[in-house]
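The values are calculated or read from the model by the stated rules, or taken from the named source; none is laboratory data. Not measured: the values here are computed from a predicted model. Using ideal geometry, Cβ is built from the backbone for each residue, glycine included, and neighbour counts are taken over all protein chains shown.
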Amino acid sequence: MTKRFILLAVVVTALLGLVAYSKWKPDPPRVSGFIEADEIRLGSRVGGRVSDVKVQEGQDVSAGTVLVELEPFDVLERETEVELSLAGREADYQRFVTGFRDEEKAQAKAKVDQLQARLDLLRAGPRKQEIEAARGRLTLADAEKRLADRNLQRVSKLRNSNATSQQELDTAREAFEAASSNLVVRQQELALLEAGTRDEELREAAAMVEQARQAWQLMQHGYRIEEIEQAKAARDAANATLAAIRRQKEELSIKSPIDGTIEALDLQPGDMVAPGAPVLSMLDRKRLWVRTYIPQNRAAMKVGDRVRLTIDSYPDEHFKGTVTFVARQAE
């Protein structure tokens with residue numbers, strides 16, 4: 001009976017202790033804080049004049065939404081110019097890679113033969129028949145001049161005696177001058193044929209033949225590796241230039257990188273934006289956190305500790321959290 005009483009007393013004492021502890025135990029530490037979000041400041045690498053502002057402060061936007069647009073100025077013109085240049089470089093590169101067509105080779109060979117035939121004629125000089133024909137034309141021109149001279153003398157005498165008109169005299173004089181000019185031309189023509197082809201003409205014709213022959217041989221053997229590489233490098237350089245311009249074009253539209261909220265925005269169309277300067281700020285709704293200050297007597301909290309959160313907007317709900325940062329110095 002005594003043992004039962006002692007056991008009962010111990011149980012009752014333990015229960016009373018638990019009740020007292022639950023009634024007078026200290027409440028878990030409570031501190032107040034502020035819900036914050038990561039701030040993202042946006043701008044443009046190229047800068048320029050604002051053409052359109054598509055959002056306002058406090059507005060929720062999705063990732064990829066265009067927020068601000070800048071005027072393109074000459075970016076579009078430069079893009080078109082480089083696109084045309086790239087098309088030409090690409091065509092050159094493909095031509096170097098594929099080589100020449102058969103019809104192009106045939107045309108080059110025909111040009112060599114044509115120029116070579118001309119050179120052979122120049123080297124051979126004028127034929128005897130050509131010289132004789134030139135002498136005949138000179139004799140005829142000389143006779144025509146003498147005839148025109150006699151006719152002019154006759155008409156002049158008639159004019160002096162008023163037996164003919166001034167118009168007939170003028171016509172006779174013009175005929176004499178034309179015959180004289182024709183005689184000079186025929187004399188020069190015969191002199192050139194008798195002198196033969198000049199050395200400078202032969203050298204020029206020979207150079208044209210050699211140039212055409214080298215072009216034909218190039219077509220036969222195809223382009224050299226270094227020429228193909230140069231064409232490829234020119235094509236790649238134009239492509240890189242176009243890519244850079246298109247990146248500049250993309251920078252003319254300031255877009256949201258996240259799903260978030262516009263926090264600060266003070267822009268109007270016509271405002272100037274400096275390259276790389278922030279023009280608006282956003283809050284990342286997916287990365288919310290609480291900043292709070294705790295008394296020194298509770299400063300034993302450390303990163304990784306679990307905490308329970310309540311929010312004024314949802315007083316009946318509790319949220320779990322984890323300490324992610326503790327300042328090294330008190331504020």
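Residue count for segment 203-237 satisfying the condition of being under 14 Å from residue 94 (Cβ atoms) and either in contact (Cβ under 8 Å) with a residue 12 or more places away in the chain or among the aromatic types (Phe, Trp, Tyr) (or both): 8. Right, residue 243: surrounded by fewer than 16 Cβ atoms within 10 Å (Cβ to Cβ) and either of a type outside the set (A, V, I, L, M, F, W, C) or assigned by TED's automatic domain parsing to the domain that holds residue 54 (or both) or not? Spelling it out, it is not the case that residue 243 is surrounded by fewer than 16 Cβ atoms within 10 Å (Cβ to Cβ) and either of a type outside the set (A, V, I, L, M, F, W, C) or assigned by TED's automatic domain parsing to the domain that holds residue 54 (or both). The single condition from (1) in a helix (DSSP H, G or I); (2) at pLDDT 90 or above that residue 42 fails is (1).
Kindly check whether there is at least one residue in segment 123-139 that is aliphatic (A, V, I, L, M), under 60 Å from the mean Cα position of the chain (by Cα) and assigned by TED's automatic domain parsing to the domain that holds residue 100.
Filtering segment 123-139 down to residues aliphatic (A, V, I, L, M) leaves 124, 131, 133-134, 138.
Going one step further and asking which of them are under 60 Å from the mean Cα position of the chain (by Cα), we end up with 124.
Those still in the list that are assigned by TED's automatic domain parsing to the domain that holds residue 100 too: 124.
Yes, segment 123-139 contains at least one residue that is aliphatic (A, V, I, L, M), under 60 Å from the mean Cα position of the chain (by Cα) and assigned by TED's automatic domain parsing to the domain that holds residue 100.
Looking only at segment 222-233, decide whether some residue is within 21 Å of residue 110 (Cα to Cα) and assigned by TED's automatic domain parsing to the domain that holds residue 102. Yes, the conditions are met somewhere in segment 222-233. Highlighted here are the strands (runs of 3 or more DSSP E) found entirely within segment 248-318 that include at least 3 residues which are under 16 Å from residue 32 (Cβ atoms): 278-292, 306-311. Checking 109, 54, 105 one by one, the residue that is free of Cβ contacts under 8 Å to residues at least 40 places away in the same chain and either assigned by TED's automatic domain parsing to the domain that holds residue 284 or not acidic (Asp, Glu) (or both) is 54 and no other.
Evaluate the following for residue 260: is it touching a strand residue (DSSP E or B) at 6+ places or on another chain (Cβ under 8 Å), modelled with pLDDT under 85 and of a type in the set (Gly, Ala, Ser)? The answer is no for residue 260.
Which of the residues that make up segment 213-247 are outside any helix (DSSP H, G or I) and acidic (Asp, Glu)?
Matches in segment 213-247: none.
Name the single residue that is surrounded by the fewest Cβ atoms within 10 Å (Cβ to Cβ) among those in segment 193-202 being in contact (Cβ under 8 Å) with a residue 24 or more places away in the chain and among the hydrophobic types (A, V, I, L, M, F, W, C). Full working, then the answer.
First pass over segment 193-202, keeping only residues in contact (Cβ under 8 Å) with a residue 24 or more places away in the chain: 193-194, 196-197, 201-202.
Retained after the next criterion (residues that are among the hydrophobic types (A, V, I, L, M, F, W, C)): 193, 202.
Values: 193: 19, 202: 14.
Residue satisfying both the conditions and the ranking: 202.
Does residue 290 satisfy the condition of being over 50 Å from the mean Cα position of the chain (by Cα), outside the structural domain of residue 88 (by TED's automatic domain parsing) and more than 30 Å from residue 79 (Cβ to Cβ)? Show your work before the answer.
Details: over 50 Å from the mean Cα position of the chain (by Cα): no; outside the structural domain of residue 88 (by TED's automatic domain parsing): yes; more than 30 Å from residue 79 (Cβ to Cβ): yes.
So residue 290 does not fit the description; no.
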